[in-house]
1. Can you tell me which of T18, T47, T57 moves the most in a GNM of the chain? Springs connect C-alpha atoms under 10 Å apart.
2. For n ≥ 4 DSSP H runs only, could you compute -39500 (n - 2.57) per run for the chain, divide by its residues and tell me the 222 nm figure to the nearest 500?
3. Assigning unit charges at the beta carbon (Lys, Arg +1; Asp, Glu -1) and nothing else, what dipole magnitude in debye, to the nearest 20, does the chain show about its Cα centre?
4. Output wanted: per-residue J couplings in Hz (rounded whole) for region 36-50, from phi through Karplus 6.51 cos²θ - 1.76 cosθ + 1.60, θ = phi - 60°, x for Gly and Pro.
5. In whole percent, what relative contact order does the chain give with Cα contacts below 8 Å and a gap of six or more residues?
6. What FRET efficiency would be calculated for the residue pair E24, S89, taking the C-beta separation as r and a Förster radius of 30 Å, to the nearest 0.05?
7. For the pair K100 and C79, how long in nm is the line joining their label points, each one 7 Å along Cα→Cβ?
8. Considering only N88, N96, N63, give the residue with the highest GNM mean-square fluctuation for the chain, with springs between Cα atoms whenever their separation is below 10 Å.
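Just so it is clear, none of the values below were taken in a lab; they were calculated from the coordinates. These numbers come from a predicted model, not from an experiment. Positions of Cβ are generated from backbone atoms using ideal geometry, with glycine treated the same way; all protein chains shown enter the neighbour counts.
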Amino acid sequence: MILVYITNPTKKEAQKITKLLLKERLIACANIFEIESLYWWEGKIETSKEFVLIGKTIEKNYNKIKKKIKEIHPYKIPCILKIKADANSEFLNWVNKEVKNSVLAPSKYLK
């Protein structure tokens, strides 16, 4: 299992990307957190409010997710991080089931 960490400029953008990844069955679920970011940009240190999307998925989906984010993300250089994770077997089984289901078979968990 992996976690995909993606920073976003607004909560609305993070939610939009999350819903797209869910609909395409690239992630099983996600969390969105408000954060304060400090970073170098164009020669100076910037501070901004951002929203992190942490998607739970399987390793084989990472390249598809990365490609999709690069196509739709509003940032010139989006942050897309892959974090390897382990979890309890019940959760791992659920994640595997949800990302492998067809888009035409909506999950009972997504309401």
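1. T47
2. Values: 3 runs with 36 residues, N = 111.
After summing the helix terms and dividing by residue count, I get -10000 deg cm²/dmol.
3. On the way: 22 positive and 12 negative charges, 110 e Å.
I would put it at about 520 debye.
4. 10, 10, 10, 7, 7, 8, 6, x, 9, 7, 10, 10, 8, 8, 9
5. Details: 176 pairs, mean separation 43.4, N = 111.
Reported relative contact order: 39 percent.
6. Values: r = 25 Å, r/R0 = 0.85.
So, using R0 = 30 Å, E works out to roughly 0.75.
7. Output for this residue pair reads 3.3 nm.
8. Among N88, N96, N63, the largest GNM mean-square fluctuation belongs to N88.
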